[in-house]
Amino acid sequence: MEKTTFPLAIHAKDAPPRVSPSNYPPEFRERMRGRFKQPLGDLFGLGNFGVNLTRLAPQAVSALRHAHSCQDEFVFILEGYPALLTDAGTTALSPGMCAGFRAGTGDGHQLVNLSNADVVYLEVGDRTPGDTASYPDDDIQAFLGQDKKWRFTHKDGSPY
């Protein structure tokens, strides 16, 4: 059996970018224009949770506004001034601020870069099999399989 080796440490900004800019169905991929993810946890072989260094160009969004059933998420703002959109409204964030999104609340969240400069943040989330994601603003829902891959359907269950 071949042993995989992982780096001990890297400079986060040197991490290779995510291969696919989005795993959303084609109808939603264009809305992710201007979002650049550099997976950090994968580089070290981490399997229980993911860590990404994410950059949002001006006017870009972090994701479709969503909520997870099982997955907790956390973001830490490194650079820039994104707006956090939740069911409670809009909250201005700045460098050094962080936000957490508990699983099971149903409160959809999304970061939006309304400024003219890039936003850079760390995002952390677990990879609990069986997780689902709801999208209050769009006709889409997601299910995380045992293989840790997301599958997307319309809200009525029909496939994309």
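The values are calculated or read from the model by the stated rules, or taken from the named source; none is laboratory data. Keep in mind that what you see is a predicted model, and the values were worked out from it rather than measured. We place every Cβ from the backbone using ideal geometry, glycine too, and count neighbours over all the protein chains shown.
Need pairs with beta-carbon distance below 7 Å; first residue in a strand (DSSP E or B) and within the stretch 29-56, second modelled with pLDDT of 95 or more and acidic (Asp, Glu); sequence gap 6+ or separate chains.
Between residues of the stretch 29-56 that are in a strand (DSSP E or B) and residues that are modelled with pLDDT of 95 or more and acidic (Asp, Glu), the close pairs are Asn52/Glu123; Thr54/Glu123; Arg55/Asp118; Leu56/Asp118.
I'd like to check something: does the stretch 58-74 contain any residue that is of a type in the set (Phe, Trp, Tyr), under 15 Å from the mean Cα position of the chain (by Cα) and more than 23 Å from Gly100 (Cα to Cα)?
First, pick out the residues of the stretch 58-74 that are of a type in the set (Phe, Trp, Tyr): 74.
In the following step, the residues that additionally are under 15 Å from the mean Cα position of the chain (by Cα) were identified as 74.
Cutting the leftovers down to more than 23 Å from Gly100 (Cα to Cα) gives us none.
No, the stretch 58-74 contains no residue that is of a type in the set (Phe, Trp, Tyr), under 15 Å from the mean Cα position of the chain (by Cα) and more than 23 Å from Gly100 (Cα to Cα).
For Val75, indicate whether it is among the aliphatic types (A, V, I, L, M), in contact with a helix residue (DSSP H, G or I) (Cβ under 7 Å, 6 or more places away or on another chain) and either in contact (Cβ under 8 Å) with a residue 40 or more places away in the chain or part of a loop (DSSP other than H, G, I, E, B) (or both).
Numbers: among the aliphatic types (A, V, I, L, M): yes; in contact with a helix residue (DSSP H, G or I) (Cβ under 7 Å, 6 or more places away or on another chain): no; either in contact (Cβ under 8 Å) with a residue 40 or more places away in the chain or part of a loop (DSSP other than H, G, I, E, B) (or both): yes.
Against the criterion (among the aliphatic types (A, V, I, L, M), in contact with a helix residue (DSSP H, G or I) (Cβ under 7 Å, 6 or more places away or on another chain) and either in contact (Cβ under 8 Å) with a residue 40 or more places away in the chain or part of a loop (DSSP other than H, G, I, E, B) (or both)), Val75 does not qualify.
Among strands (runs of 3 or more DSSP E) lying entirely in the stretch 78-160, which contain 3 or more residues that are of a type outside the set (D, E, K, R) and more than 16 Å from Tyr24 (Cβ to Cβ)? First the steps, then the outcome.
On the way: elements: 83-86, 89-92, 98-101, 110-112, 119-126, 132-134, 141-144, 150-153.
Per the criteria, 83-86, 89-92, 98-101, 119-126.
Any residue in the stretch 99-115 that is of a type in the set (Phe, Trp, Tyr) sitting within a Cβ distance under 7 Å of a residue that is assigned to a loop (DSSP other than H, G, I, E, B)? List the pairs, counting only those 6 or more apart or interchain.
Phe101/Asp72
Just name the residue that is surrounded by the most Cβ atoms within 10 Å (Cβ to Cβ) out of those in the stretch 77-115 that are among the charged types (D, E, K, R) and closer than 21 Å to Asp137 by Cα. Step through it out loud before you land on a result.
Within the stretch 77-115, the first condition is being among the charged types (D, E, K, R), and the residues that meet it are 79, 87, 102, 107.
With the extra rule that they be closer than 21 Å to Asp137 by Cα, the set shrinks to 87, 102, 107.
On the way: Asp87: 12, Arg102: 12, Asp107: 14.
Going through the qualifying residues, I end up with Asp107.
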